[in-house]
Amino acid sequence: MEQETIDHAIAKLSQSDPIIKLVNEVKLGRMRATDPGLRAITEAWLDTYGEVLRDAAELNEASLRRLDPHPRMDVLIAAGIMAGDHPSVGALQAQFTGLLARTRP
């Protein structure tokens, strides 16, 4: 059951992940980091990530760590697509941190 939840979560995130294709476009100069379309895609992906974390609330610590959004958000921030202080970034980080805290005694 735990593995199924992780597999489903990863598949759902991969479908709309802007890092795979769009960050490279920004790095190559084919798209601006401030492009409104890229911003909309990124915001939708962050919302999806929040949904995935809500669905994964019962996972154990090891499984939950596989869904850690921090590394992916670091890539978006480094590419200039999102600001580290953007409300959606902070909310997702807080959501993950809260879930992780619940797994500890």
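No lab work stands behind these numbers, since they all come straight from the coordinates. Everything numeric here is computed off the predicted structure, so don't read it as measured data.
Would you grab the residues whose amide H sits under 5 Å from the one on Asp35? Only those 5+ places off in sequence or on another chain, please, with H modelled 1.01 Å from N.
Under 5 Å from the amide H of Asp35: no residue qualifies.
With θ taken as phi - 60° and the coefficients 6.51, -1.76 and 1.60, list the Karplus ³J(HN,Hα) couplings across the stretch 33-44 in order, rounded to whole Hz; mark glycine and proline as x.
Listing the rounded values in order: 4, 8, 4, x, x, 5, 4, 5, 5, 5, 4, 4 Hz.
When only alpha-carbon atoms are used, what values of Rg and Dmax, in angstrom, describe the chain?
Values for the chain (Cα only, Rg and Dmax): 14.2, 48 Å.
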